[in-house]
Amino acid sequence: MVPIVKTYRRNPVYLKNIYNDEYCGGKMETYNQKVNIIESENNFQLDLVAPGYDREDLKVTIDNNELTISSVDKEITKEDVKYIRKEFVNRAFSRTFQLPESVEADKIQASHKNGILSITLPKRAKVEIPVQEIEVK
């Protein structure tokens, strides 16, 4: 049996259920934090959108050459406010990326500013192997 997962990518815009939101009693669509990955000569830069999360809410780990970014659930509801519609939801998430062999895992750095988690993944220095001629005997 294949699990049914509703995503915007599978459903064309004109087929979306207008009642498919929390306000009307439906369930919100599955969402993953979005990333941009940029490659330069000396490193890779991974920027993950994380609005509403503090740096203490985010966890970055490396295991078996896989980089995992995860968070904890964070409720952003004000107790003394009556919401008519509440779309701000910060649910726990986890994203995993396979690191290329060229990344120096022990030199990875992460920072969080203005709702963006930026992870710099330095590349190993390229080792130039000189051309070597082998004598044929």
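Any idea what the dipole of the range 34-129 comes to, in debye rounded to 20, about its Cα centre with Lys/Arg Cβ at +1 and Asp/Glu Cβ at -1?
Numbers: 15 positive and 17 negative charges, 76 e Å.
Charge dipole of the range 34-129: 360 debye, to the nearest 20.
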Task: Cα→Cβ-extended label distance, 7 Å offset, between Lys59 and Ser111, nm - done: 2.5
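As a footprinting exposure proxy, order Lys82, Lys59 by other Cβ within 10 Å, with the fewest listed first.
Values: Lys82 5, Lys59 13.
Ascending number of Cβ neighbours within 10 Å: Lys82, Lys59.
For a quick check: sort Arg85, Arg95, Arg55 by the number of other beta carbons within 10 angstrom, fewest at the front. Don't skip to the answer; put the middle values down first.
Details: Arg85 8, Arg95 15, Arg55 12.
With the sparsest Cβ surroundings first, the list reads Arg85, Arg55, Arg95.
To make sure I understand, if each residue's beta carbon is the centre and we count other beta carbons within 10 Å, what order do Asp73, Asp80, Asp106 fall in, fewest to most?
Details: Asp73 10, Asp80 4, Asp106 7.
Ordered by Cβ neighbours within 10 Å, fewest first: Asp80, Asp106, Asp73.
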- [ ] Just give me a number: lysine pairs in the range 32-122, eight or more positions apart or cross-chain, with C-alpha atoms less than 19 Å apart.
- [x] 10
- [ ] Compute the distribution of all C-alpha to C-alpha distances in the range 67-136, in bins of 10 Å from 0, and list the percent of pairs in each, rounded to whole numbers.
- [x] 13, 28, 21, 15, 11, 5, 3, 2, 0
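Can you tell me the length gained on complete extension of the stretch Arg91 to Ser118, counting 0.36 nm per residue apart and subtracting the Cα distance? Write down the numbers at each step before the final one.
Numbers: separation 27, 0.36 × 27 = 9.72 nm, distance 1.95 nm.
My answer for the length gained is 7.8 nm.
Computed from the coordinates by the stated procedures, all read-outs in this text should not be read as laboratory data. Please read all numbers here as calculations on a predicted model, not as lab measurements. Every residue, glycine as well, gets a Cβ built from its backbone with ideal geometry; the counts of neighbours run over all protein chains shown.
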